[in-house]
Structures are given as structure tokens and as C-alpha cells.
1. How far, in nm, would the chain grow between GLN269 and SER209 when pulled straight, counting 0.36 nm per residue and subtracting the alpha carbon separation?
2. Between the alpha-carbon centers of region 212-253 and region 258-325, tell me the distance in whole angstrom.
3. Which FRET efficiency value, to the nearest 0.05, is calculated for GLU257 and GLN288 with the Förster distance at 25 angstrom and r the Cβ-Cβ distance?
4. Given a Förster distance of 56 Å, report the FRET efficiency between ARG219 and TYR334 from their Cβ-Cβ distance, rounded to the nearest 0.05.
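What follows is calculated from the coordinates using simple rules that are stated; it is not laboratory data. Here the structure is a predicted model, which is why all the values come from computation and not from measurement. Cβ coordinates were reconstructed from backbone atoms using ideal geometry, including for glycine residues, and neighbour counts include every protein chain displayed.
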Amino acid sequence: MRALLAVVAWVAAALLVAWLARLFFRWATRTRYGRIIGPLYGACRLPATAVLVIGALFASVPGTRYHWLAAFRHGLLLAFAAACAWLAIRFLQVTESLALGRLSHEPTANRRQRRIRTQIRLIRAVTAVIVTLIAIAVALMSYEQVRVVGVSLVTSAGVIGVLIGVAARTSLSNAFAGLQIAFTDAIHVDDVVVVDGAWGRVEEVKLTSVVLRMWDERRLILPTTYFTDRPFQNWTRHEARVVGELRLHLDYTADVEQLRREARRLVEQSPLWDQALWTLQVVDVTPQTLEVQVRVSAGDGPSSWDLRCELREGLVKYVRDQHPQWLPRTRAEYQP
């Protein structure tokens, strides 16, 4: 009877602490720190209550007088470890959201903000994995048989480590590559990269993989080791602005200066141009044509793509309708 009263008292005390904490956090959400405390309380309320109640039950249940009671107490220990891991992971998730909320989510955000976003996400993923592994280790070490086996394996830890490393070498190499990417500024979230001739935007950098959103809205998922072992283009490593180019082949009779004036008109009237740079130059000649290149800047990768398509269509229409004699022609000389 005394043991039952102790259990009820401990659980009531835990619920009272949870209720008082609820009142405190409700009051704190109305202060100037409510923007931070509110999301933390909303996400951590249930796991924190579970930690308090399970911890109170574990502290109040007596020792090993009865076998069933010892099994119940052991189950409470496992539940307590799981609840603590749940609380820690929810806290990490809310902390990540609050930290990312202070940063700009626009594709044109500066390089420093994009780097910080990438690093925060990877750090949260790593810490969540560590918390989960610690909870699993605590649960396993609560079994006497596992502790005995663990002690006996200490002498062969080097061999076990080698075997684990060989078995999980791909996952481990991807995980280390993910950390390398995050802290060496190779790529960031929202960077525009070119992989195997196709360009896309970095949508997510995970611990073992990188998700690219391609120009046609497909998702290309690559292992992180791809970006440490192979060359790729990063158009926005130092800034979000992208300088794109398009090329036209015209006949030798084409008036380049007149074409340049039309290109300037099209560029200046386009809302996609960031008003930073544009040029039109003859970059090459072939036996039949002039090769004209237009280089123009835009605020980000998708805008650059759309701007180049818009200019290409406008210039082709101008040449076709106003100066069809500028279109490429093949000349031949007939001698009887």
C-alpha cells in the first residue's frame, strides 16, 4: 500500500510540474520572447510531459523484489530513454526552424546565408543521428547479457571497428562527404549547378545525398560523394546572380550594330534582367556564317534560363520578319 501511494505521489508531482510549466510557458509566450518560446513549447510539450511522468514512475517503482515488477521497471527505463530522445530531436527540429526563419529563403540570398542554411541542416541531421544512437545504446546496455557481451568485445574493438567500417564504407563515406560539402563551401542550398550537362538548383543537402531540382521540375538525387569525386559547375558559388549566354548563326551580310540595338531594346524591356550586364559580340566565324553571342545577367538560375529563351525568340523573330536576308545561306558558284 505504501508503494502504491509513493507511485501516485510521484506521478501527481510530475503532472503538477508539467501543469506549472504549462502556465509559465503560456505566460512567456506573451512576452517579447514569445516568438521563440511559443514554437518550443508547442513542439516539446508532449515529449517533456512523457519524460516527467515516465521518470516519476521509474523513480517510484521499488527495486527487484518481484520478477514482474523488475520487468516493469526495466520497461520504464526503455520508455524513458525513448522519451528523452524524442524530446531532444523535437528540440533540435524547432531550433533548426527558428534559426532558418531568421535567414532569407529567396534564391537570390547572399552566399553567407545560403552557407549557414546548409550547415544548420546538416548539423541538425548529425545530432539527431547521434541522439538516436545514444538512446539505442542506453536501451541495449540496460540488458545484462548485452553488457557482458560488450565487455568481452572490448579487447577486439579494433577488429570490430574494421569490420563495421568495411560493411558501411559507402554510407560512412557519403556522411563524411556531406560534412565536407557543408564546411568547405563547395555547394549550398539554392546554388545553381550543372551536372552532366544539365543544370538544376540544389534543393536539399542531406547527410548522405543531395537533391537537385532540375529545370523541368524533375528531382535528381545524387550521393554526396558525387560532388567530392567528380567535377561539376557551380554558377552561384560567390553570388546568386547568373550570367547566361545564347548564340545565333547569321549570314555575313548581317548588320551587327543594328542587331545589337534590337538586342538592347529586348534586354531593357524584360523584367527578368537585373540591369547588371549584357553584351552582344561576334565570337566566331564559319565558312558560311557569323556566330553572334549574347551574354546577359539575371538574378538567379531560373530567371536566367527564361531570359535567354525570351531573347532568343525575340531575336529570331526580328531577323525573320525584318531582315530575312541575314538568315544563314549556302552559296554556290556555277560555271558552265
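1. 17.5 nm
2. So the two Cα centres are separated by 19 Å.
3. Between GLU257 and GLN288 the formula returns 0.70.
4. 0.50
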